[in-house]
Amino acid sequence: MQEAPDLIACEECDAVHRRLALGRNEVALCRCCGAELERDMSTHRRRVLPLTIAGLFMYIIANAFPIVEMELKGMVSQTTLMGAVLSLNSQGMPLVAFLVLTTTLLFPLMQLLSLIYLLTSINNVERSPAFNLSVRLIQTLRPWVMVEVFLLGVIVAFVKLTSMATVVPGIALWAFGALTLLLASVFSFDLRYIWWMSSLEKREGKHVGT
Ligand SMILES: [Zn+2]
């Protein structure tokens, strides 16, 4: 398929426009319907990689340490996210365990690693199949990453359990909170910007070589 990085199509009305170089924080609007075509991401781009790496660190902490510690009649128990998944599976809820495993453990990790790969390889002239796959993977997984739903569920359970036992939030719960905020910030970044930047690098690289 032929790429035309100089052109941009409106997602609302399909009108095709010539792309203009945007200044700092400028937004381009569709001439026909007024929908947003693109916005300047140059400032945001510089922040995305550090935020994504911070998200990866939060992800590691969230999975390495206990989410909550509960004390009832002298008995203390604590669990990590993986411990909760294994517990759900052993209690006859394999489907729920699978959903937690994928939407809270696997998919966020795949998204974070894919985005780090994209951001660090954006200047490569040759766009590898892995680059294309990573862009598609992030877009496909986006609706299935549910860290915030899990966090909300844990907080609700936490509040309910406080009337029955002594419940102490673990370091992983705070890390999950930070991860939720970081994911929201990181994935507000428009992936089309990475694609266009890569297309321009590719075209200019070929131009220099000929
Ligand atoms: Zn339009």
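Computed values, structure above
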read-out	value
Qualifying GluC sites (Glu not before Pro) in the range 1-52, DSSP loop, other Cβ atoms within 10 Å at most 13	Glu3, Glu11, Glu12, Glu26
Solvent-accessible area per residue for the chain (1.4 angstrom probe, square angstrom)	60
Reference-scaled alpha-carbon Rg (2.2 N^0.38 Å with N residues) for the range 4-108	1.80
Loop-located trypsin sites (Lys or Arg not before Pro) in the range 112-176 whose Cβ has at most 16 other Cβ within 10 Å (DSSP)	none
Rg/Rh ratio calculated on Cα atoms of the range 1-40 (Kirkwood radius)	0.97
Carbon and sulfur %, accessible surface of the chain computed with the full protein complex present, 1.4 Å	65
Distance between modelled label sites at Leu22 and Leu86, nm, 7 Å Cα→Cβ extension	4.7
Degrees separating the helix 171-186 axis from the principal Cα axis of the chain, which is the longest one	20
Label point distance in nm, Trp174-Glu11, each placed 7 Å from Cα along Cα→Cβ	3.6
Diffusion coefficient, µm² s⁻¹, Stokes-Einstein with Kirkwood Rh over alpha-carbon pairs of the chain at 37 °C and 0.692 mPa s	166
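The values are calculated or read from the model by the stated rules, or taken from the named source; none is laboratory data. No experiment lies behind these values; they were computed from the predicted model shown. Methodologically, a virtual Cβ is constructed for each residue, glycine included, from the backbone with ideal geometry; neighbour enumeration extends over all protein chains shown. Each accessible area value is taken on the protein alone, full model and side chains, heavy atoms only, with ligands, DNA and RNA left out. Shrake-Rupley method; radii C 1.70, N 1.55, O 1.52, S 1.80 Å.
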